[in-house]
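The values are calculated or read from the model by the stated rules, or taken from the named source; none is laboratory data. Since this is a predicted model, take the numbers as computed values, not measurements. Cβ coordinates were reconstructed from backbone atoms using ideal geometry, including for glycine residues, and neighbour counts include every protein chain displayed. These area figures cover heavy atoms from the full protein model, side chains too; ligands, DNA and RNA do not enter into them. Shrake-Rupley method; radii C 1.70, N 1.55, O 1.52, S 1.80 Å.
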Amino acid sequence: MTTTSEPSTNSASPANSASSARVLRTAYQQAVAQYWNNEKDPVNLRLGDVDGLYHHHYGIGDWDPAVLEGPEETRDKQIIAELHRLESAQADVLLDHLGPIAPAHRLLDAGCGRGGTSVMANARFGCEVDGVSISESQVDFAGTQARKRGVDDKVRYHFRNMLDTGLPTGAFQGSWNNESTMYVDLHELFAEHARQLTRGGRYVTITGCSNDVTGLRSKAVSRIDEHYTCNIHPRSAYFKALAANGLVPINVVDLTAATIPYWELRAKSTLATGIEEPFLTAYREGSFHYLLIAADRI
Ligand code: SAH
């Protein structure tokens, strides 16, 4: 194991208001942190309970129609396992785009949620992963999961702001945002990624973005923003902010068609939260895309 100089912040306590003020600098960031601190949605927790990988992102790929068959008592359990499989498939696609990662490399999961993607990255590459979230409860939860799995020597979660993580400069071979770019200014975010990545390092995001071709934010996209207290960016904003911060795209994958089945299945489950319809409308009307962007740090 490589030793690191920065202290682990897994033990952040909600009572520690001085550290809270350092991380949560604006009323907006406080509201986002509060949302995630209070979030106990079964659609996230029951899916994570399947195998201990907790995700707060959506899925991709086709589902098996057999999950809708069989007795009613077991149907929900089958649907949950299938939705979870699609969410882990999404994280696998993100990791596929990081390029060759060796055990000696270091990775950064910006806006890490309950930490599922970080654990998968460590399992796949054997390297150290730092996850950063502005939700103290998520950081605590993720740290407990890493300890349970016995990977806490390599997978560490920090109560930090991804716009200013305090993590070392040029130390990371790869970094990503899995559905967390819509909470921040992209210029600030990509400047911080560029600082942390080594030259030739790879940045990957999977995100929902609005479609510049159809104009300003549609009604359905506004409803998604309202639901999650986020600000979905237009597609063009990503490429402008990447280019301005020395991050050069190598891959752009439109995952919209691949994510629609996930939303259709989720809408059929008892775990539906009500946000399924705006997502399906936005994707089908073309005002919203589910995009993967991979870029190299030059
Ligand atoms: N990437 C995770 C979670 C996505 S949910 C997953 O795929 O499961 C969005 C996450 O972004 C939440 O964990 C939230 O706390 C985090 N977040 C939002 N703004 C942030 C900021 N400024 N700094 C760090 N994390 C932030």
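What to note about this one:
- Residue check for LEU95: surrounded by 21 or more Cβ atoms within 10 Å (Cβ to Cβ) and either among the aliphatic types (A, V, I, L, M) or in a helix (DSSP H, G or I) (or both): no
- Residue check, ARG106 on the phi < 0 side of the Ramachandran plot, more than 17 Å from the chain's Cα centre (by Cα) and either within 11 Å of the ligand (Cβ to nearest atom) or not aliphatic (A, V, I, L, M) (or both): yes
- Unmet requirement for TRP36, which otherwise passes all of (1) over 30 Å from GLU192 (Cα atoms); (2) open to solvent by less than 50 Å² (accessible area, probe 1.4 Å); (3) modelled with pLDDT under 95: (1)
- Filtered residues of segment 109-130 (kept if part of a helix (DSSP H, G or I) and either crowded, with 24+ Cβ neighbours inside 10 Å or within 12 Å of the ligand (Cβ to nearest atom) (or both)): GLY116, THR117, SER118, VAL119, MET120, ALA121
- From the list SER175, SER133, SER222, the lone residue that is modelled with pLDDT of 95 or more, out of contact with any Ser or Thr (no Cβ under 9 Å at 6 or more places or on another chain) and within 13 Å of the ligand (Cβ to nearest atom) is SER175.
- Being more than 13 Å from the ligand (Cβ to nearest atom) and either within 26 Å of GLU87 (Cα to Cα) or assigned to a loop (DSSP other than H, G, I, E, B) (or both) is not true of GLY166.
- All conditions but one from (1) open to solvent by 30 Å² or more (accessible area, probe 1.4 Å); (2) farther than 27 Å from ASP164 by Cα; (3) among the hydrophobic types (A, V, I, L, M, F, W, C) apply to ILE79; the one that does not is (1).
- In segment 147-159, the residues that are of a type outside the set (Asp, Glu) form Cβ pairs under 6 Å with partners that are assigned to a strand (DSSP E or B), at six or more places apart or across chains, as follows: LYS154/GLU128; VAL155/VAL129; ARG156/ASP130; TYR157/GLY131; HIS158/VAL132.
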